[in-house]
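J.: Dumping the structure here so I can ask a few things about it.
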């Protein structure tokens with residue numbers, strides 16, 4: 001990578017982070033308030049009746065689900081909005097004609113979006129410590145899993161940003177697909193608590209594997225084997241990279 005291209009990546013990266021800094025108060029305050037409300041409602045109301053899940057205090061049990069839910073939303077929104085705005089304003093043509101490759105463009109936009117998502121995830125993790133005691137079984141695996149999830153879903157959001165032809169399309173997948181799947185993916189309960197056939201049906205929900213894998217890094221156990229969670233994340237990462245490569249090669253919704 002030439003020095004010129006490195007400066008191009010850094011410029012896009014800094015521009016996207018600057019947009020985040022302009023709204024840092026709401027960007028950081030909202031996750032804190034939301035996490036607090038979840039602990040009041042789920043940790044207080046439900047936790048008083050269901051003190052443990054799989055031998056884990058219920059308040060601590062929902063922490064990985066809360067972090068994952070916020071990170072998925074933030075990753076998709078930041079990455080999709082970041083690439084959609086140049087399309088909306090028409091500056092995408094300047095980007096496509098600039099001496100910067102598709103790979104470097106993706107690194108800049110996805111890197112900035114993933115940074116924002118990791119900041120939000122870290123804020124929620126620190127906020128959770130105000131309500132429950134959390135002991136991480138695999139801290140390095142937790143950090144690595146957070147990074148993989150942030151990158152994977154930022155790539156997915158990048159795809160949505162290119163695909164969307166309006167603000168309505170930009171929001172339809174996160175609101176009508178990702179959010180319901182997250183609530184049904186074991187964020188606030190264990191899949192083992194469900195009776196068949198619901199338990200079997202839940203295993204077809206891809207979010208289950210993400211939340212379960214992330215919960216494993218906290219407590220050393222999850223609803224599915226950690227190998228399946230890592231396999232799903234790797235498959236999603238490869239698929240998203242392949243789709244983005246095809247979009248840039250064909251100019252799909254980039255050049256018209």
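Values quoted throughout were computed directly from the atomic coordinates according to the rules given, and no laboratory measurement underlies them. Keep in mind that this is a model prediction, so the values were computed, not measured. Note that we place each Cβ from the backbone using ideal geometry, even for glycine, and neighbour counts take in every protein chain shown.
J.: Classify the range 143-207 as rounded, prolate or oblate, taking a ≥ b ≥ c as the square roots of the eigenvalues of its Cα gyration tensor: rounded when a/c is under 1.5, otherwise prolate if a/b is larger than b/c and oblate if not. Show your work: numbers first, answer last.
T.: Numbers: a/c = 3.12, a/b = 1.63, b/c = 1.91.
The shape class here is oblate.
J.: Working from Cα positions, state the angle (0 to 90°, nearest 10) between the long axis of helix 139-163 and the longest principal axis of the chain.
T.: 50
J.: Something else about it: For the chain, take the longest principal axis of its alpha carbons; what is the angle in degrees between that and the long axis of helix 206-219, to the nearest 10 within 0 to 90?
T.: With both axes taken from Cα atoms, the answer is about 60 degrees.
J.: Is it possible to state the helix-based mean residue ellipticity at 222 nm for the chain, with each DSSP H run of 4+ residues giving -39500 (n - 2.57), the sum divided by total residues, to the nearest 500 deg cm²/dmol? What is it? Before the final figure, lay out the partial values.
T.: Numbers: 12 runs with 180 residues, N = 256.
Result for the chain, helices only: -23000 deg cm²/dmol.
J.: Provide the gained length on full extension for the span residue 175 to residue 103, in nm with one decimal, where the gain is 0.36 nm per separating residue minus the Cα-Cα distance.
T.: 23.1 nm
J.: Say each of residue 85 and residue 52 gets a label point 7 Å from the Cα, pointing the same way as Cα to Cβ; how far apart are those two points in nm?
T.: Computed distance between label sites residue 85 and residue 52 equals 4.9 nm.
J.: How much length, in nm to one decimal, is gained on full extension between residue 11 and residue 33, taken as 0.36 nm per residue of separation minus their Cα-Cα distance? Show your work: numbers first, answer last.
T.: Working: separation 22, 0.36 × 22 = 7.92 nm, distance 3.21 nm.
Difference between extended and current length: 4.7 nm.
J.: Mind giving me the FRET efficiency for residue 140 and residue 253? R0 is 30 Å, r the Cβ-Cβ distance, nearest 0.05 is fine.
T.: Values: r = 39 Å, r/R0 = 1.30.
For R0 = 30 Å, the calculated efficiency reads 0.15.
J.: Do you know the relative contact order of the chain, to the nearest whole percent, from alpha carbon pairs under 8 angstrom that are 6+ apart?
T.: Numbers: 283 pairs, mean separation 65.5, N = 256.
Rounded, it is 26 percent for the chain.
J.: Pop a pseudo-label 7 angstrom from the Cα along the beta-carbon direction at both residue 199 and residue 132 and give the gap in nm to one decimal.
T.: It is 2.2 nm.
J.: With contacts defined as alpha carbon pairs under 8 Å and 6 or more residues apart, what's the relative contact order of the range 81-187 in percent?
T.: Values: 33 pairs, mean separation 45.9, N = 107.
RCO, the range 81-187: 43 percent.
J.: If you don't mind, another one. Looking only at the range 100-135, which residues have a backbone nitrogen under 16 Å from a spot 7 Å from the Cα of residue 221 in the C-beta direction?
T.: Under cut-off, by backbone N: 135.
J.: Relative to the longest principal Cα axis of the chain, at what angle does helix 226-250 sit, 0 to 90 degrees, rounded to 10?
T.: Taking the Cα atoms of the chain, the angle to 226-250 is about 20 degrees.
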